[in-house]
1. Could you work out how far the C-alpha centroid of region 114-169 sits from that of region 88-106, in angstrom?
2. Among Ile122, Ile132, Ile72, what is the fewest-to-most ranking by other Cβ atoms within 10 Å?
3. If you plug each phi of region 119-125 into the Karplus form 6.51 cos²θ - 1.76 cosθ + 1.60 with θ = phi - 60°, what whole-Hz ³J(HN,Hα) values come out, in order, with x for Gly and Pro?
4. Taking H as built 1.01 Å from N, whose amide H comes closer than 5 Å to the amide H of Thr86, not counting residues under 5 places away?
Amino acid sequence: MTADLNVLVPGLPNFANPTGGGGGGSNTVDTQDDGVPVNTANTLNFTGSGVTVTDAGGGVADVAIAGGGSTIPTTKLIGVADSPYTQLTSDEYLVVDATGADVVINLLAVASATKVLQIKVIGLGVGRTVTINPNGVETIDADASLVLSTVQQMVRLVPYTAGSRWLLS
């Protein structure tokens, strides 16, 4: 289900004040996800922060729930010409092509990292590798570096500030 729901309220012309009277019709609420019915109920309770309801007219109220749903991570292609590449705080998903030569990726200090980082190898020449180096004395799990040597290999690195290291997940 997406973060934005359209709630159709038959018989309630002013959803912002549903106790203000109905004008006939049913007292049920038809909940839809992008126009597809998902539930019918007499009462819907939205709790938590970030919930807003606006009258869309015609007996329709738009309910927006902040922070819901998912987003596509920022994707960046890293090739031989970019090596050695130093991670940016905005990096989320690195797609690496090491067809012509080895590629080296240097990670930020864990304390500076604000996002989980995913790295996927999409091209790899014969005998080529992608080496991921943590910052300074930091580690990836307990290792000083991580070497990827298979096409389609993917790793997910989580900054663990309490241990000053990156965790593989």
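1. After rounding, the separation between the Cα centres reads 10 Å.
2. Ile72, Ile122, Ile132
3. 10, 10, 8, 10, x, 8, x
4. Placed amide hydrogens put Asn106 under 5 Å from Thr86.
We did not get these values from a lab; they are worked out from the coordinates using the rules stated. Being a predicted model, the structure only gives us computed values, none of them experimental. Counting neighbours? That spans all protein chains shown, and the Cβs are built from the backbone with ideal geometry, glycine included.
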